[in-house]
Amino acid sequence: MKRLMSMLLCVALWVLGLNVNAQVSLDYYLPQNVTFNQDVPTPSSVIGHEVGEWHITHDRLVQYMKVLAEASDRVTIEEIGETHEGRPQVVLTITHPSNHVGMDKIRSDHVWLTYPNEADKFDTKKMPVVTYMGFSIHGNEPSGSNSSMLVAYYMAAAQGPEIEDMLRNSVVLLDPSFNPDGLNRFATWANMHKSQNINPDPADREYSEAWPGGRTNHYWFDLNRDWLPLQQPESRNRIAKYHLWKPNVLTDHHEMSTNSTFFFQPGVPQRTHPLTPKLNQELTAKIGEYHANALDSIGSLYFTKEGYDDFYYGKGSTFPDINGGIGILFEQASSRGHAQESDHGVLTFPFTIKNQFNTALSTWKASVDMRVELLDYQKEFYKSALREADGDDVEAYIFKAEKDPVRAFHLAEILAQQEIDFYRPSREIKLEDDTYSRDNSYIVPLKQRNYKLVKAMFETRTEFQDSLFYDISGWTYPMAFNMEYHGMSSRDYGRNQLGTKIDEPGFPLGNVVGGKSDYAYLFEWHGYYAPKAANALLEKDIRLKVATEPIVVSEDLAFDRGAILVTVKNQSLNSDELFQALQDISIASGLKIHAINSGLNDGFSLGSRTFLNLEKPKLAVVVEAGSSYDAGEIWHLLDTRMDMRVTKLPERRVGSNAIDRYNTIIITGGLDLSESEMEKLKSWIRNGGTLIGTGPAVSWMANNKLTNLSFAEVEYPDTAEIEYDAIENYYRSLNIPGGVFKTKLQLTHPMSFGYYREELPVFKRGAIFIEPSESKFANPSTYTEEPLASGWISDANLEAMKETSAIRVTSLGSGRVVSLVDNPNFRAFWYGTNKLMMNAIFFGRLVNGYAAK
Ligand SMILES: [Zn+2]
């Protein structure tokens, strides 16, 4: 790796080209030998400052793009959707005016290349290449979006036969801001701290953003991990556009640490996902030569084939690799604000923009030069995928969630958005102990053009060429959604089992079964949105109880532990109003709510003391401490899915009387509390509060005696024989990069209510292992004897993990402390474990004193 690096590193000096306080001009960015159409407006004529003088705000960015599209017959603009904060996501289509006339046909011909049986009808020599250029998905990596105005201006205004030729042979989809909310948040920060005398001192507040920073979107999600799961609107809007076009090349312009140089893909060769064809990496490297030339010509340092990888398909630069395209990651050393001292001298914001601008242009040039090669590659990608499907032992995947069709629906929704073909089964299918019914199951055949994408989402993988990962190593979707599922072999499967094809899955219908009752209602806790339903009722001051024992109402009607009892008498609503409310809630939550007309059911009475009162959660999640991702995921889960109010409580208020208004506080990391603040938190728990900690917070809670857990030791291999150049990688490999591991639930424990199968796959990263309690009743969940399901883990960590606790509930006074070793809300697509968080919130306080020791 080191040798490769020195071969590929440019030896030119780092030329910044700009004095810190010099006025930047358009000439600084643009190539010298090109003339520009004077009728096309420059960025500064619209945004009111030169590019790089201030950080562009999103509204001005959009304003410029609109004016540009108005003025140029090479450019059109459309809004593809809105962000959480209501900002428009715009995409420009830039090509030769003659192509704009027949755009629909150009697009549909292009997409036909991805249909193996149709592709040969189209002559790639006569087709334009499609390049999707995207910028600053991390909002605080702003050089990308700021350069996008220059890229668009150049493509609209540059003149000459070469430009005409490039426009004729390409369609560029230019997405100037992948993350408008984050970009704007960061622009505000950088601009509000700018001095007239620009101060490059790295200690200045300008270069040190306040928590959570501008990297993420509104709910603090990393949008560059969401290309596959599509849990955020920004991603759904973008991927709809992506699939409409199936681009050949997609660029993803980022920034990295200030003391770095510039990176372009390919990444570390042995860390490419095995489903990505070898030719993909070769083409990426060939495109890389264009970036090298461009950066050489302006004297910029760079590196390639190290540091970053091409493994997790949820990233913008890797997602195209499983969709017949080439994804390219660019990483520019960040000036963060307007100029900052670095190992390479003062790094100015305009300089970072200039590098992004030049590599956007080199991508364009490479795409056009390699046009036929890229189009043929795309065509062959889908053809060879079909051939590979022929050789696969698995013919189809079938999945369902027997008692929670909503969860299965949400997985089906992703498949539909990713243009994967799937069906209802034409008849009931029995596989081992599972029966897949026609209206409750989905079947995904592998012999389809998106074979590779299906594999990427459904396969489990535990063998790897390398032990280091830039991101997660396992993400198997049916496990993330805790589906009952099977890979069907040719023995199990025939095409006649495919029933109705599903293009848009429908949200499961909820209703009140049995109509209005004057006595009571019951609903199961299995449903994904059961907590939302319970909370909606508690918000109306309806008293609820939870069943801690199974209930048999009649021969045909029984309920599991966790079922919610709503009695009719003596409530804040009369029986008609309550019925109406329950109808609305059942529909919104996709739940079956059952009318019960008698208190004595097969010997089981609804007044039984095994029903416990449910308290209305009054929630705070602590912020400004721990990971903003983890906190954001909780905020997102509670706010957008469960319709629950949660206070984002700053860490500094945890030790104050402010916390007395909550009965539940969630922390995602250690807190920095004084002795008296810690005492306040402890007395809040002793008085009945529930403290829930996830991941790193578990260690902190144990170290501060909020819970009495002990940690399992890991026996890492001896380092005596490791050589100097391997020691860094050795220590990195001690971590668990993120994968899927199996746990075993104790189904009678309140923390497991709503689950109906013992085995639960969880997402795990980081190596924290809790010794299990000696008493079975105090272990709601433990890792199994063979916990690895999908992903990479070292032998030592795997050995240490076996049969340790994944969840513990302990008491402190009359309060409870819930330790969730793993993050149950990972990136919002881990639907299977969200219920653990909801159970901690609703039932944590109900765990009895025997178990909560
Ligand atoms: Zn980034």
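Worth pointing out:
- Just so you know, in region 232-257 the residues that are buried (at least 19 other Cβ atoms within 10 Å of the Cβ) and within 14 Å of the ligand (Cβ to nearest atom) include one that is farthest from residue 362 (Cα to Cα), and it is 255.
- Pairs linking a residue in region 564-575 that is at negative phi and aromatic (Phe, Trp, Tyr) to a residue that is modelled with pLDDT of 95 or more and part of a strand (DSSP E or B), with Cβ atoms under 9 Å and 6 or more positions apart or on different chains, do not occur.
- One residue stands out among those in region 323-343 that are closer than 21 Å to residue 381 by Cα and of a type in the set (A, V, I, L, M, F, W, C): the one that is nearest to the ligand (Cβ to nearest atom), which is 329.
- Those strands (runs of 3 or more DSSP E) lying entirely in region 264-377 with at least 3 residues of a type outside the set (A, V, I, L, M): 326-333, 339-342
- If you go through region 294-352 and pick out every residue that is more than 27 Å from residue 270 (Cα to Cα) and touching a Gly at 6+ places or on another chain (Cβ under 7 Å), you end up with 3.
- Sole residue being within 21 Å of residue 316 (Cβ to Cβ) and away from the ligand (no atom under 16 Å from the Cβ), chosen from 76, 83: 83
- Any chance residue 389 is touching a residue at least 40 places away in the same chain (Cβ under 8 Å) and surrounded by 24 or more Cβ atoms within 10 Å (Cβ to Cβ): no
- All positions within region 123-147 that are more than 16 Å from the ligand (Cβ to nearest atom), touching a residue at least 40 places away in the same chain (Cβ under 8 Å) and either surrounded by 15 or more Cβ atoms within 10 Å (Cβ to Cβ) or assigned to a loop (DSSP other than H, G, I, E, B) (or both): 124, 127, 128, 129, 130, 131, 132
- If you go through region 211-226 and keep only what is more than 15 Å from the ligand (Cβ to nearest atom) and among the hydroxyl-bearing types (Ser, Thr, Tyr), you end up with just 219.
- Among residues of region 206-222 that are under 13 Å from residue 183 (Cα atoms) and polar (S, T, N, Q), those with a beta-carbon under 7 Å from a residue that is more than 15 Å from the ligand (Cβ to nearest atom) and not in a helix (DSSP H, G or I) at least six positions away or on a different chain give the pairs 217/83; 217/84; 217/232.
The rows are residues; the columns are (1) of a type in the set (A, V, I, L, M); (2) away from the ligand (no atom under 16 Å from the Cβ); (3) without any contact (Cβ under 8 Å) to a residue 12 or more places away in the chain.
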{"position": "283", "(1), (2), (3)": "yes, yes, no"}
{"position": "310", "(1), (2), (3)": "no, no, no"}
{"position": "345", "(1), (2), (3)": "no, yes, no"}
{"position": "353", "(1), (2), (3)": "yes, no, no"}
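- Region 392-411, subset outside any loop (DSSP other than H, G, I, E, B) and either modelled with pLDDT under 95 or in contact with a Pro (Cβ under 8 Å, 6 or more places away or on another chain) (or both), residue farthest from residue 496 (Cα to Cα): 406
- Set 819, 775, 790: member being hydroxyl-bearing (Ser, Thr, Tyr), surrounded by fewer than 24 Cβ atoms within 10 Å (Cβ to Cβ) and at pLDDT 95 or above: 790
- Pair list, Cβ under 7 Å, 6 or more apart: region 321-343 residue closer than 22 Å to residue 291 by Cβ and without any contact (Cβ under 8 Å) to a residue 40 or more places away in the chain, other residue β-branched (Val, Ile, Thr) and more than 16 Å from the ligand (Cβ to nearest atom): none
- Criterion applied to 614, 649, 671, 606 was being closer than 23 Å to residue 842 by Cα and within 27 Å of the chain's Cα centre (by Cα), and the one residue passing it is 649.
- The test for being outside any loop (DSSP other than H, G, I, E, B) and touching a strand residue (DSSP E or B) at 6+ places or on another chain (Cβ under 7 Å) does not hold for residue 474.
- 2 or more residues more than 27 Å from the chain's Cα centre (by Cα) and more than 25 Å from residue 462 (Cβ to Cβ): qualifying strands (runs of 3 or more DSSP E) within region 708-824: 805-812, 815-820
- When every residue of region 186-200 is checked against the conditions, at least one turns out to be within 16 Å of the ligand (Cβ to nearest atom) and within 21 Å of the chain's Cα centre (by Cα).
- Remark: residue 208 falls outside the filter, which requires a residue to be under 19 Å from the mean Cα position of the chain (by Cα) and among the small types (Gly, Ala, Ser).
- Restricting region 264-281 to residues that are of a type outside the set (Phe, Trp, Tyr) and within 16 Å of the ligand (Cβ to nearest atom), the residue that is surrounded by the fewest Cβ atoms within 10 Å (Cβ to Cβ): 267
- Filter pass, residue 229 being away from the ligand (no atom under 13 Å from the Cβ) and within 29 Å of residue 306 (Cβ to Cβ): yes
- Condition check for residue 751 on (1) more than 28 Å from residue 853 (Cβ to Cβ); (2) touching a Leu at 6+ places or on another chain (Cβ under 8 Å); (3) crowded, with 19+ Cβ neighbours inside 10 Å: one failure, at (1).
- Residues that are in a strand (DSSP E or B) and either touching a Leu at 6+ places or on another chain (Cβ under 9 Å) or crowded, with 19+ Cβ neighbours inside 10 Å (or both), drawn from region 644-672: 646, 647, 649, 664, 665, 666, 667
- Number of the condition not met by residue 261 [criteria: (1) touching a Phe, Trp or Tyr at 6+ places or on another chain (Cβ under 9 Å); (2) more than 16 Å from the ligand (Cβ to nearest atom)]: (2)
- Sole residue being in contact (Cβ under 8 Å) with a residue 40 or more places away in the chain and of a type in the set (Asp, Glu), chosen from 78, 82, 50, 70: 82
- Qualifying residue in region 98-105 (condition: touching a residue at least 40 places away in the same chain (Cβ under 8 Å), in contact with an Asp or Glu (Cβ under 8 Å, 6 or more places away or on another chain) and over 20 Å from residue 242 (Cα atoms)): no
- Within region 1-110, helices (runs of 4 or more DSSP H) holding 1 or more residues that are at pLDDT below 95 and not basic (Lys, Arg): 2-8
- Flag for residue 174 being touching a Lys or Arg at 6+ places or on another chain (Cβ under 9 Å), hydrophobic (A, V, I, L, M, F, W, C), in contact (Cβ under 8 Å) with a residue 60 or more places away in the chain and away from the ligand (no atom under 15 Å from the Cβ): no
- Checklist (1) in contact (Cβ under 8 Å) with a residue 60 or more places away in the chain; (2) within 25 Å of residue 524 (Cβ to Cβ) applied to residue 377, failing item: (2)
The values are calculated or read from the model by the stated rules, or taken from the named source; none is laboratory data. The structure presented is a predicted model; accordingly, all values stated were derived computationally and were not measured. Heads up, the Cβs are rebuilt from the backbone with ideal geometry, glycines too, and the neighbour counts pull from every protein chain shown.
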